[in-house]
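Down below is the structure, laid out as structure tokens.
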Amino acid sequence: MIQRAAGRGLWTSTQCLATNGDSQLLPLPSQARVVICGGGVVGTSVAYHLAKLGWQDIVLLEQGRLGAGTTRLCAGIVSVAKPISIECRMANYSSSLYQQLEEETGVKTGYVKTGSLCLAQNQDRFISLKRLASRLKVMGISCNIIKPKEVAKLHPLVNIHDLVGALHLPADAVVSPPDVNHALAVAAAGQGVQILERTTVQQVLVEKGQVMSVQTDRGSIECEYFVNCAGQWAYELGQASEMKVSVPLHGCEHFYLLTKPLPEALPPNTPVVMDMDGRIYARQWQGGLLSGGFEKNPKPIFTEGRNQLEIQNMQEDWDHFEPILSALLRRMPNLESAEILQLVNCPESFTPDMRCLMGEIPGVSGYYVLAGMNSSGLAFAGGAGKYLAEWMTYGYPTANVWPLDIKRFGNLQSSRTFLRHRVMEVMPLLYELKVPRWDFQTGRQLRTSPLYDRLDTQGARWMEKHGFERPKYFVPPGKDLLSLDQSKTFYKPDWFDIVGAEVKCCKEAVCVIDMSSFTKFELTSTGDQALELLQHLCANDLDVPVGHIVHTGMLNQKGGYENDCSVVRISKNSFFIISPTDQQVHCWSWIKKHMPNDPHLHLEDVSWKYTALNLIGPRAMDVLAELSYVSMTPEHFPSMFCKEMSVGYANGIRVMSMTHTGEPGFMLYIPIEYALHVYNEVMSVGQKYGIRNAGYYALRSLRIEKFFAFWGQDLDAFTTPLECGREFRVKFDKDTDFIGREALLQQRHDGVFRRFVMLVLDDHDTELDLWPWWGEPIYCNGLLSGTTTSSAYSYTLERHVCLGFVSPPPGPEGLPTPITPDFINRGDYEVDIAGQRYPAKAKLYPFSSLFTQQKRRKEDIELSNLQGK
């Protein structure tokens, strides 16, 4: 039986716990199936959920006392007000888990359903809350947009004079973090998990890419799996191992104050207040208040990797906290007379993109990470622990966690200088208003094309993807650059006309887009090994003549997309693989995971060897023909074909007849030493054909109006080719086994229950109405049917186009119903943008193909007449 010892975060058990408080430490087991490092709420959640899934021989190690790190000091707020859907789901599950733990274990967790109030001081913030409310309703989470007067009724201390509205989340809760940690430990130990305190993990031993054992200050434990839940020290632990592991996070000090009970004590169910414009949060605490915030000038810590057994209460800094305190007093003036009990300095760990780190480390089988909670550790721990346990058990979680997958980062994000500078931006961003397509400002110009300076002087405005600078659009001479860079809106953006001109040039003349950031691999072999591997990995048929390009997915066992790529057969036994920018680590690890240990088979990352230029437009063939003295017409250079050519003076240019947009043109993969020469020649010769630079915003508009799905936005590990109209890219007719084949055959037999569609908005004013961006709910015949995955304005249709997935309502017994073309063609569709629904017409093929000869006008053609054509 487990009993709570005196003092928070310290437990004893005759069977499963060992602490320095015991007269004799229990012996360290010599072996285990899995070792978890970290006894905070994240580590205990992983142990709890693994045990729930039937795992045996689980050992949890804590260098100090259980729950004595950040868990002991965190504010105890469990809110679903998170920026992305997977985080909302994790927080929602955590709330339910912490409520049921009391019944399951008999341990009080301090759970009180208080609800929370997200305040808006301006219209833009109010719009962002309305967008969040729309997403939460899709998940079945209760929420309400309310007026300032209703805020005053729900919370007696809130000053509402400057508010325009709020989001009320009635199911949000507060808990006691040490007690939640205790309850998870009790439940895990009750299922056989061994928990050892005062045991420090020194390194993880890896042999041939597989976790073998864990070295501690008390000896070694042989194991198959290791989970790094070390919180603040996850980075140091990764670097300490013989085979260094990248866990990109960095600590910052985080302050909150505690007051003594107020004269009129706040009841326990007083709602949590989140005033993000004021950068503060506040909750009831023992009749008084707990309030903190996310200041503009955070204080990073532990950059030098200082390690300590427990995070003691660090130094107060009232001067640093003063702006947060002033904001609190503006929001709750009656606190002026409150007596302050303590200013708490609680270190928190933050990641380069404000999302936690989850999943298996690339290149090390059995090494998992769950860390970097960005001050939401308690809210995420339950759901994140569940997903990671599913991942370890089944090979993938039951939800799409790619936004959190540690493989979205590589070693390039491991620099301590980069992490220190980035988290100083990240921490204030947690409460800052983030409009669509905002960009980080720190850690920039890390990876650049050889053309970066050349493009920058021509007006390129930049965004960053996986550390690589990519042009968004090019500002023409004479434009106000400063106002354009500072333009932030949910409405029509200031770059609208600039991107429109680039799109027009792509359609009527020729544009150049630097797409060097694409991931590029070469797979070669001495015999048929390369082809055999790709035939096993890819859904489409790669046994094609030399020079042919194949669009294909690499699928998982469930038929979902692990990668979406273009593969070129360069020679009989050599293949060139092109994948999305942020797939560099994930795609590499996926291929290596399935690659046989054969010295005659070689995979090389050649992303840095080639500059990629995309020549889009009907005059692209004229430019290249003049530079190469080779006919580039479709008769001589068919679509989806690759030739190695000379362009200008440069040899060995891989020219491919594809543009990733559906428009005519060519991709040029240029050895980097020739990049500047080829670009200059293309721009010089192209002048007579009206050539100009273009950026990724134009590319996005073109590909969306052509109904092209992109991995990471529209496609993920839960999307199959049959659900997005790509059955023609699956080699069903070949007697070749590939990963996911059985799942796709079963799905083809059972029917498809959701479908990727193209929606064109009606009665939507581009000038005055809010724009769709992504994640908007889709309704069919008044019922929730799905969500958008990407959106763009189509300059061809002069309307907004949304891509997304829809499903029919369940059948009579609540079972899923197979989707039919009739459901899509005859449905009355609406897209919900921040609570307002706009009618839309749905299609299974691109509208733009119908309008190549004439300009589309709203009054010209009723979209309903086009159904079925």
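The values are calculated or read from the model by the stated rules, or taken from the named source; none is laboratory data. Computed from a predicted structure; not experimentally measured. Cβ coordinates were reconstructed from backbone atoms using ideal geometry, including for glycine residues, and neighbour counts include every protein chain displayed. Side chains are part of the model used for accessible areas, which takes the heavy atoms of the whole protein and leaves out ligands, DNA and RNA. Shrake-Rupley method; radii C 1.70, N 1.55, O 1.52, S 1.80 Å.
List of remarks:
- Enumeration of residues in the stretch 215-230 that are in a strand (DSSP E or B) and open to solvent by 20 Å² or more (accessible area, probe 1.4 Å): GLN215, GLY219, SER220, GLU222, TYR225
- In the set (1) surrounded by fewer than 21 Cβ atoms within 10 Å (Cβ to Cβ); (2) small (Gly, Ala, Ser); (3) assigned by the TED database to the domain that holds GLU635, ALA698 fails one condition alone, (1).
- Checked against the criterion of being crowded, with 16+ Cβ neighbours inside 10 Å and touching a residue at least 12 places away in the same chain (Cβ under 8 Å), the candidates ALA625, ALA650 yield just one match: ALA650.
- The lone exception for TYR779 - which of (1) open to solvent by 10 Å² or more (accessible area, probe 1.4 Å); (2) closer than 24 Å to CYS505 by Cα it fails: (2)
- Of the strands (runs of 3 or more DSSP E) lying entirely inside the stretch 552-627, the ones with 2 or more residues being within 23 Å of LYS731 (Cβ to Cβ) are found at 561-571, 574-579, 601-605.
- Considering (1) in the same structural domain as GLY38 (by the TED database); (2) open to solvent by less than 60 Å² (accessible area, probe 1.4 Å), the lone condition that GLN191 does not fulfil carries the number (2).
- Qualifying position, being surrounded by fewer than 22 Cβ atoms within 10 Å (Cβ to Cβ), modelled with pLDDT of 95 or more and hydroxyl-bearing (Ser, Thr, Tyr), among SER96, SER116: SER96
- Looking only at the stretch 175-186, residues that are over 12 Å from GLY67 (Cα atoms) and open to solvent by 10 Å² or more (accessible area, probe 1.4 Å) come to 1 in all.
- Qualifying positions in the stretch 628-637 - assigned to a loop (DSSP other than H, G, I, E, B) and at negative phi: VAL630, SER631, MET632, THR633, PRO634, GLU635, HIS636, PHE637
- Filter pass, ASP319 being in a loop (DSSP other than H, G, I, E, B) and either out of contact with any Asp or Glu (no Cβ under 9 Å at 6 or more places or on another chain) or open to solvent by 50 Å² or more (accessible area, probe 1.4 Å) (or both): no
- Selection of the stretch 74-122 for residues being touching a Leu at 6+ places or on another chain (Cβ under 9 Å) and at positive phi yields GLY76, GLY115.
- Scanning the stretch 66-111 for residues that are basic (Lys, Arg) and under 18 Å from SER349 (Cβ atoms) yields ARG72, LYS82.
- Residues that are within 17 Å of PHE708 (Cβ to Cβ) and within 30 Å of the chain's Cα centre (by Cα), drawn from the stretch 657-691: MET658, THR659, HIS660, THR661, GLY662, GLU663, MET667
- Count of the stretch 246-288 residues, restricted to those that are part of a strand (DSSP E or B), over 30 Å from ASP405 (Cβ atoms) and open to solvent by 10 Å² or more (accessible area, probe 1.4 Å), is 5.
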